[in-house]
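> Mind looking over this structure? Questions follow.
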Amino acid sequence: DTGLIGTPEKIEIDGKTGWKIQCLLNHRLAVDSLLQVQSRSFNGNVKVTKGKHDSNFITEVEVVEL
C-alpha cells in the first residue's frame, strides 16, 4: 500500500538518529524532500538527507526525523 520495501534500518547521520529506507522507485524523492513513514518499526515525519535510484526500480534514501 505504501511502496515501502522491507523494514527501515536505524543508522546514525551526523550524530543524529536516522533511517535507511527502501521503497519502490519514486523519481520525485530528492535531498530535502519531506516524507511520512509508516512501518512496524518506525512511524513519523522525516527529511531526506541522501538518496539514490537504481535500475531495479528501487529508491533508497537516508532520512532524519523532523
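The values are calculated or read from the model by the stated rules, or taken from the named source; none is laboratory data. A quick note: this is a predicted structure, and the numbers were derived from the prediction, not measured. Every residue, glycine among them, receives a Cβ derived from its backbone with ideal geometry; neighbour counts consider all protein chains shown. Side chains included, ligands, DNA and RNA excluded: accessible areas come from the protein's heavy atoms. Shrake-Rupley method; radii C 1.70, N 1.55, O 1.52, S 1.80 Å.
> On the accessible surface of the range 20-66, probed at 1.4 Å, how many percent belong to carbon and sulfur atoms?
Within the range 20-66, the accessible surface is 48 percent carbon and sulfur.
> Spelling out what I want: for every residue of the range 33-46, take phi, set θ = phi - 60°, compute 6.51 cos²θ - 1.76 cosθ + 1.60 (Karplus), and round to whole Hz; glycine and proline get x.
5, 9, 10, 10, 9, 10, 8, 5, 9, 7, 10, x, 9, 9
> Next question, about the same structure. Excluding residues fewer than 8 places away in the same chain, name every one of the aspartates and glutamates whose C-alpha is closer than 14 Å to that of Lys20.
Straight-line reach from Lys20, under 14 Å: Glu9, Glu12, Glu60, Glu62, Glu65.
> Now, a different point. With equal scatterers on the alpha carbons only and no solvent term, can you work out the Debye log10 of I(q)/I(0) for the chain at 0.21 1/Å?
Debye intensities relative to I(0), on a log10 scale: -0.80.
> Using a 1.4 angstrom probe with every protein chain in place, what is the largest-first accessible-area order of Leu24, Leu4, Leu66?
Of Leu24, Leu4, Leu66, the descending order of accessible area is Leu66, Leu24, Leu4.
> I've got another one for you. Counting only residues 5 or more places away or on other chains, whose amide H sits under 5 Å from the amide H of Ile11 once H atoms are built in the peptide plane?
Amide H to amide H, under 5 Å and 5 or more residues apart or across chains, Ile11 pairs with Gly18, Trp19, Lys20.
> 7 Å from Cα along Cα→Cβ at both Leu4 and Leu24: what's the point-to-point distance in nm?
1.5
> Would you work out the charge dipole size for the chain about its Cα centre, treating the Cβ of every Lys and Arg as +1 and the Cβ of every Asp and Glu as -1, and quote it to the nearest 20 debye?
Here the size comes out at about 40 debye.
> While we're here: In whole Hz, with x marking every Gly and Pro, tabulate ³J(HN,Hα) for the range 21-31 from phi via Karplus 6.51 cos²θ - 1.76 cosθ + 1.60, θ = phi - 60°.
Values per residue, Gly and Pro as x: 10, 10, 9, 4, 3, 9, 5, 7, 7, 8, 4 Hz.
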